[in-house]
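Below you'll find the structure, written out as structure tokens, and then a few comments.
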Amino acid sequence: MQNKLILEQKQSSAKVQTKSFTGKDLKVALLFLLPSIVLFSLFVFYPMLKTIYTSLFLTSTGSKLVSFAGIENYLIAMKSSVFQNGFKSTIIFVLATVPLTVIFGFLLAFLTSEKIRGMAFFRLIFSSTMGISVAASSIFWQFMFNPVNGYLNKVMLFFGQKPIGWLTDPKYAIYAVAFATIWMNIGFIYIIFLGAIQSIETSLFEAAAIQGVKKTYLMRKVIIPILSPTFYFVITVSIINSFQAFGQIDMLTKGGPNNATNTLVYQIYQDSFINLNSGRASAEAVILFIIIVVITLVQTKFSESKVHYQ
Amino acid sequence: MIKSNKFQTTILYIILIGLAVIYILPIFSGIMISFVPGIDYLGGSLFPKSLNFENYVKAFQNANVPRMMINSTITSSLIVTAQLIVSSLAAYAFVFLNFKWKEPLFFIFLMTMMVPFEATFIANFQTIKAMHLIDSYFGIALPSLASAFSTFFLRQTFKQIPNELIEASRVNGFNHWRVYKDVVMPISKQSLITLAIYQFLGAWNMYLWPLLVSTNNNVRTVQIGLRQIQSEEALTEWGVVMASAVIVALPTLIILYLSQKRLQEGLAEGAVK
């Protein structure tokens, strides 16, 4: 049985070699791939496995494994109300940021795609947030949200409303951070969409113009279908980024007030580096990883029917 | 691209100006406040009475900003340079070499994009600590030196190089290393620059990882520096905090403005198709 397997393997490898004479590039290829393989093994695959492994143990504050705990870390995490709230805030955060970022990014790109005077200026403006770090953006927004001096409350007062503690009221904090995040992420999404719209054949638009097709119709029936791979890419990237949002939460609310913005990533950070409980933090990391993988798979399945490649 | 008549164009301009004003407001107000002395800000003034660089001087003197700018420049350059080399080597193998486990290997490379940072950073921290690289430029840079995205991006670029060119070089006695170094890399210069800019922006803006592995001002990057300035000065010296944020944002904003067109063309090509 085993001999047969080995024989088959030999045959199949012989086949590969005869198919193209360069099939013996393996040695060179491994040399070229070596740096990536070493780095990925060391900093992606090994730590991932280690995180899964650690999540099955109770750990000491020096992150030494103390005793095997099975799925206990997972159970403790999932039963705790902080974690459940964190899960809820994460979902709210993702739902509040992703659709609006993608829609605004696309609309701005659509509006500035025409080649007329001054457009270069608007393009610079709308792409600018891509060039501003999360830390700097957070400081700009901390001012915008300032209860006394900030512009948001000035607008509220102007319309005769009561000022709001955007970052200090548990009811609003997660939306405030989400709002700032939309702004931070639009720049990149905008640039991707603008590039994609501009790569659409001009003749298509000319034909549409000659036939007097309405712009909204053109957008719905032509541009959006053609851009479906771009939408797919942008939505996937946005979802993953939203789940991983960290800097703006750390700068603006530190997970507060009253855990209102204590998302999963922030809890993982706190549990591992502040509460020094790496067993539990690892379990939370694995849960988050599973959520992201499931969502990505579902989204891929779902969009397979909707995305069409040229 | 989509032609409009005069009336439509006017409406478009009005909409765009409105949107641009709202969009730019956080940056604009930040720049304004960076010129307002701390006491005036507490008194409620949001616009400078005169062009006053006091906050910028303070940011440069007290807050260690110049040192952190140098640190960020070093770590970002390190990441970009290494990533271009590591990823282009891998991309070369995937495009121009024929070997056994090519498809599965490429799939494994892509899989690394699925692994989120938070599934790895706890263990990576321990690795870097065990290597005694905490508080070093290498500690900050090391986990980012290989990139599936960059490999994928360059693979798309290399695929457009005609195979005849590679074969001709091979026939002329070039080994693969020379083909890579003297043929493929020079031809792909434009894409390499685009990728370098994109990755530089990303590296300069890294937040969580440098926060974990840098504990002193000798290696701390500007982003972590900003966090520190914010927590130390936010109550009294808002102008200084804003001035620091503006200083930190400026280099990447300039890079973005200079290369916006290149990015929008290059990223759409490389990332999506």
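Computed from label points 7 Å out along Cα-Cβ, the spacing between A:Gln161 and A:Leu65 is 5.3 nm. The ratio of the alpha-carbon radius of gyration of chain A to the globular-protein estimate 2.2 N^0.38 Å is 1.30. Diffusion of region A:172-310 by Stokes-Einstein, at 20 °C in a medium of 1.002 mPa s and with Rh set to the Kirkwood radius over alpha-carbon pairs, works out to 120 µm²/s.
Placing a label point 7 Å from the Cα of B:Val21 along the Cα-to-Cβ direction, the residues of region B:47-73 whose backbone N falls under 20 Å of that point are B:47-48. Of all the options B:Ser147, B:Ser72, B:Ser188, the one that moves most in a Gaussian network model of chain B with Cα springs shorter than 10 angstrom is B:Ser188.
Could you give the nm distance between label points at A:Ile274 and A:Lys27, where each point is 7 Å from its Cα heading toward the beta carbon? My value for the distance between the label points is 5.5 nm. Placing dummy labels 7 Å off each Cα toward the beta-carbon, the span from B:Thr236 to B:Ile108 is 5.7 nm. Karplus-based coupling profile of region B:32-42, in residue order and whole Hz: 4, 5, 5, 9, 8, x, x, 5, 4, 4, 4, with θ = phi - 60° in 6.51 cos²θ - 1.76 cosθ + 1.60 and x standing for Gly or Pro. Shown here for region A:249-310: chymotrypsin sites (Phe, Trp or Tyr not before Pro) in loop regions (DSSP other than H, G, I, E, B) with at most 11 other Cβ atoms within 10 Å, namely A:Tyr309. Once the Cβ-Cβ distance of A:Tyr46 and B:Phe7 is raised to the sixth power relative to R0 = 51 Å, the FRET efficiency obtained is 0.25.
What are the chymotrypsin sites (Phe, Trp or Tyr not before Pro) within region B:25-112 that DSSP puts in a loop, where the Cβ has at most 15 other Cβ atoms within 10 Å? Before the final figure, lay out the partial values.
On the way: sites: B:Phe28, B:Phe35, B:Tyr41, B:Phe53, B:Tyr56, B:Phe60, B:Tyr92, B:Phe94, B:Phe96, B:Phe99, B:Trp101, B:Phe106, B:Phe107, B:Phe109; in loops: B:Phe35, B:Phe53, B:Phe99, B:Trp101.
Hits after loop and neighbour filter: B:Phe53, B:Trp101.
Bridging of A:Lys254 to aspartates and glutamates at a Cα separation below 16 Å is possible for A:Asp169, A:Asp271, B:Glu232, once same-chain residues fewer than 8 apart are set aside.
Using the Stokes-Einstein relation with a Kirkwood hydrodynamic radius computed over Cα pairs, the translational diffusion coefficient of region B:133-173 at 25 °C and a viscosity of 0.890 mPa s comes to 187 µm²/s.
For chain A, modelled as a GNM whose springs connect Cα atoms under 10 angstrom apart, the maximal fluctuation among A:Leu95, A:Leu30, A:Leu111 occurs at A:Leu30. Counted residue by residue at 0.36 nm each, then reduced by the alpha carbon distance between them, the extension gain from B:Glu167 to B:Gln61 reaches 32.3 nm. Note on chain B: with a GNM built from Cα contacts shorter than 10 Å, the maximum mean-square fluctuation among B:Met111, B:Met206, B:Met69 falls on B:Met111. If R0 is 35 Å, the Cβ-Cβ spacing of B:Ser50 and B:Ile187 corresponds to a FRET efficiency of close to 0.05.
Can you pull out the trypsin sites (Lys or Arg not before Pro) in region A:213-310 that DSSP calls coil and that have at most 16 other Cβ atoms within 10 Å?
On the way: sites: A:Lys214, A:Lys215, A:Arg220, A:Lys221, A:Lys254, A:Arg280, A:Lys301, A:Lys306; in loops: A:Lys214, A:Lys254.
Sparse-neighbourhood loop trypsin sites (Lys or Arg not before Pro): A:Lys214, A:Lys254.
We did not get these values from a lab; they are worked out from the coordinates using the rules stated. In this text, all values refer to a predicted model and were calculated from it rather than measured experimentally. Counting neighbours? That spans all protein chains shown, and the Cβs are built from the backbone with ideal geometry, glycine included.
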